[in-house]
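Here is the structure we will look at, set down as structure tokens.
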Amino acid sequence: MTEEPSQAPIAVSRVMVGEQEEKLVLEVLRSGQIAQGRMVEALEAQFAEAVGVGHAVAVSNGTAALFLALESLSLEPGDEVITSPFTFMATLNAILATGATARFADIGDDFNVDPDSVAALVNSRTRAIMPVHLYGCGADMPAISHIAAANELVLVEDAAQAIGASVADRPCGSWGIGCFSLYATKNVTTGEGGVVTTNDATVADRVRISRNQGMKARYEYVMAGFNMRMTDLQAAIGIPQMERLADITAARRANASALGEHLAGLRGARLPVEPDGRHHVFHQYTIQLDESRAPRRDEIVAAMVERGVRPGIYYPKLVTDYDYLSGHPQIGFDDVPRARRAAQSVISLPVHPGLDETSIARVASVAREVIDG
Ligand SMILES: *Cc1c(COP(=O)(O)O)cnc(C)c1O
């Protein structure tokens, strides 16, 4: 009796770097210049072009991008930044590191901050709005930037998951100060890395100076700074991927669209939405279990894993739901029922570009069997 060949489990992400990356990294290694240099400049130029902005500043990681963007605003204790509670902890960590207070808007069907909820939090202490373009879907930027303009607030976008995404034909990261991550599992990666994008030359200068010890020209220090530079070795990994950005995004969108077809009519969960005018880059393909199934999420995920499909849960709790933050003076514990429900009921299915049609069909059939079966 022959056994079925066992199939490798399908993971929620895969790091994909090719020959171009190897070649360029080797070139850097042999050049003798491996810290910040020409490769970083080339990657910055690609980002400025892709995001459609005047300036892109590469930094050591996405958290540094968020922190330096906020730091450029010279926030003071008591100043408030409105953001999403349903995000990666880096969003909150960056705000807390500036000394400002984080306030939390509730989310909509797109899993992003709801403009009405943002507007309701604006007060005399508010300085900035920081939407997160979660899973690669841009937030409702026309409405949010309207609120920002009407109240003279700065827009800082956590676009860590959204390189290549746009809203109303305008790239994410160009509506305000854009903050990208190039972490290993992001749509474009340098292992660790980040980029700040802006049309404001003053902000770009300030971030360049802050990332480099507060130094404006050689040994001319003008402010307290940090070492948050990217290296040429990292940039060399990112450059070929930025050249392939359109293909990377198209592959993710094609996989998402195939999942949508295979999962049509799914009863136990809601499929991701792509609201009108939003170009979703599907960093994640996230479904939301209905209220009767959500309490069984752990079992549902375990059953999928048993069948060879490994989903992710982004994120199992709100960023404010950790014991060490309880009563934190820089956190507004705002009421966010929809975000709370999402944290209890989302599941992200594998959608990365390394999956072929057969794998995508398998992801969908396993999800359907486990959720509806
Ligand atoms: C990845 C990520 C970050 C942080 O980026 P790092 O490069 O890991 O520091 C911030 N916000 C969101 C939403 C992210 O997904």
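The values are calculated or read from the model by the stated rules, or taken from the named source; none is laboratory data. Remember, predicted model here, so these are calculated numbers, not experimental data. With ideal geometry, Cβ positions are generated from the backbone for all residues, glycine too; neighbour counts draw on all protein chains shown. These area figures cover heavy atoms from the full protein model, side chains too; ligands, DNA and RNA do not enter into them. Shrake-Rupley method; radii C 1.70, N 1.55, O 1.52, S 1.80 Å.
Within this structure, Ser60 passes the test of being open to solvent by 20 Å² or more (accessible area, probe 1.4 Å), under 16 Å from the mean Cα position of the chain (by Cα) and within 11 Å of the ligand (Cβ to nearest atom). Checked against the criterion of being modelled with pLDDT of 95 or more, open to solvent by less than 30 Å² (accessible area, probe 1.4 Å) and not aromatic (Phe, Trp, Tyr), the candidates Thr198, Thr202 yield just one match: Thr198. For the range 344-373, the set of residues classified as over 14 Å from Val301 (Cβ atoms) and either free of Cβ contacts under 8 Å to residues at least 60 places away in the same chain or assigned to a helix (DSSP H, G or I) (or both) consists of Asp356, Glu357, Thr358, Ser359, Ile360, Ala361, Arg362, Ala364, Ser365, Arg368, Asp372, Gly373, listed by residue number. So is Gln288 polar (S, T, N, Q), within 21 Å of Ala367 (Cβ to Cβ) and in contact with a Leu (Cβ under 9 Å, 6 or more places away or on another chain) or not? Criteria met by Gln288. State which residue is nearest to Ala128 (Cα to Cα) when the search covers only the range 65-82 and only residues that are within 12 Å of the ligand (Cβ to nearest atom) and open to solvent by less than 20 Å² (accessible area, probe 1.4 Å). Top of the filtered list is Ala69. The set of residues in the range 6-61 that are part of a loop (DSSP other than H, G, I, E, B) and charged (D, E, K, R) contains only Arg14. Within the range 225-244, residues that are among the hydroxyl-bearing types (Ser, Thr, Tyr) reach partners that are open to solvent by 10 Å² or more (accessible area, probe 1.4 Å) with beta carbons closer than 7 Å, at six or more positions or on different chains, in the pairs Thr231/Ile34; Thr231/Ala35; Thr231/Gln36.
Can you pull out the strands (runs of 3 or more DSSP E) entirely within the range 119-237 that have at least 2 residues that are more than 20 Å from Thr98 (Cβ to Cβ)? It would help to see each step written out before you state the result.
Numbers: elements: 126-130, 154-158, 177-181, 194-198, 215-217.
By residue number, 215-217.
When Glu152 is tested against the conditions (1) open to solvent by 10 Å² or more (accessible area, probe 1.4 Å); (2) within 28 Å of Met242 (Cβ to Cβ), the lone failure is (2).
When residues in the range 275-323 are screened for being assigned to a loop (DSSP other than H, G, I, E, B) and either open to solvent by 30 Å² or more (accessible area, probe 1.4 Å) or not β-branched (Val, Ile, Thr) (or both), 23 of them pass. Identify the residue in the range 111-129 that is in contact (Cβ under 8 Å) with a residue 60 or more places away in the chain and in contact with a helix residue (DSSP H, G or I) (Cβ under 8 Å, 6 or more places away or on another chain) and, among all such residues, is nearest to the ligand (Cβ to nearest atom). Ranking the qualifying residues of the range 111-129, first place goes to Phe111.
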